[in-house]
1. With springs only between Cα atoms under 10 Å apart, run a GNM on the chain and tell me which of 110, 96, 127 wobbles the most.
2. Counting DSSP beta bridges in the chain, what percent are antiparallel, to the nearest 5?
3. Can you tell me the length gained on complete extension of the stretch residue 99 to residue 126, counting 0.36 nm per residue apart and subtracting the Cα distance?
4. How much FRET efficiency would the formula 1/(1 + (r/R0)^6) give for residue 76 and residue 48, where r is the Cβ-Cβ distance and R0 is 30 Å, rounded to 0.05?
5. What trypsin sites (Lys or Arg not before Pro) in the range 83-141 are in a loop by DSSP, with at most 13 other Cβ atoms within 10 Å of the Cβ?
6. So which trypsin sites (Lys or Arg not before Pro) in the range 9-78 pass both tests, a DSSP loop state and at most 10 other Cβ atoms within 10 Å of the Cβ?
7. Of all DSSP beta bridges located in the range 1-84, what percent are antiparallel, nearest 5?
8. Over 26 Å between C-alpha atoms is what I'm after, so list which of 20/48; 20/75; 54/106; 61/106; 20/106; 48/73 land there.
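Bear in mind these aren't lab numbers, they're just calculated from the coordinates by the rules spelled out. None of the values given here were measured: they were computed from a predicted structure. Positions of Cβ are generated from backbone atoms using ideal geometry, with glycine treated the same way; all protein chains shown enter the neighbour counts.
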Amino acid sequence: MITCGVEIKGSEAILCLMSKEDGLFQIPDCRQIRLPLNHPNDSESICKLQFTLKKLFEDYKVTQVAIKERPTKGKFAGGAVGFKIEAALQLIDSVQVDLFNSSKIKETLQNNPLPIPFKATGLKAFQEGAFTVAYVALSED
């Protein structure tokens with residue numbers, strides 16, 4: 001089972017693929033690690049983003065998408081564009097989409113600490129949130 005961790009920052013989705021086999025985590029290479037929504041008020045752009053994500057999930061045989069949930073109010077609240085990206089992801093019917101809030105992520109990491117430091121993964125620094133939420137989703141199984 002391949003999971004795609006997604007962190008939505010501003011107007012882009014940051015991705016990290018991860019799988020777990022026999023208790024070992026694998027991080028396969030992915031052709032696309034950032035997907036921007038350039039024209040958020042244009043429905044064609046939203047459909048194109050959704051199509052691109054769906055194709056990526058099909059090509060990499062992704063079965064689960066784990067999204068790092070953003071608060072709707074307060075200092076760290078997500079913006080409207082981010083919620084459009086989240087909705088586009090949730091409407092892809094070929095994958096299971098789960099949202100993980102920060103308290104759930106913290107709790108899971110406390111019970112199942114990361115087996116290696118993030119820097120040792122070889123991923124880009126901006127992918128850490130997506131990596132963490134993918135790890136949390138796979139740790140739940």
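1. 110
2. Details: 14 of 24 bridges.
Roughly 60 percent of the beta bridges in the chain run antiparallel, per DSSP.
3. On the way: separation 27, 0.36 × 27 = 9.72 nm, distance 1.93 nm.
Computed gain between residue 99 and residue 126 is 7.8 nm.
4. Working: r = 28 Å, r/R0 = 0.94.
Using R0 = 30 Å, I get an efficiency of 0.60.
5. Details: sites: 84, 104, 106, 119, 124; in loops: 124.
Counting only loop positions with at most 13 other Cβ atoms within 10 Å, the trypsin sites (Lys or Arg not before Pro) in the range 83-141 are 124.
6. Working: sites: 9, 20, 31, 34, 48, 54, 55, 61, 68, 73, 75; in loops: 31, 61, 73, 75.
Sparse-neighbourhood loop trypsin sites (Lys or Arg not before Pro): 31, 73, 75.
7. Numbers: 14 of 19 bridges.
Roughly 75 percent of the beta bridges in the range 1-84 run antiparallel, per DSSP.
8. On the way: 20/48 30 Å; 20/75 35 Å; 54/106 29 Å; 61/106 28 Å; 20/106 20 Å; 48/73 28 Å.
Going by Cα-Cα distance, 20/48; 20/75; 54/106; 61/106; 48/73 fall outside the 26 Å limit.
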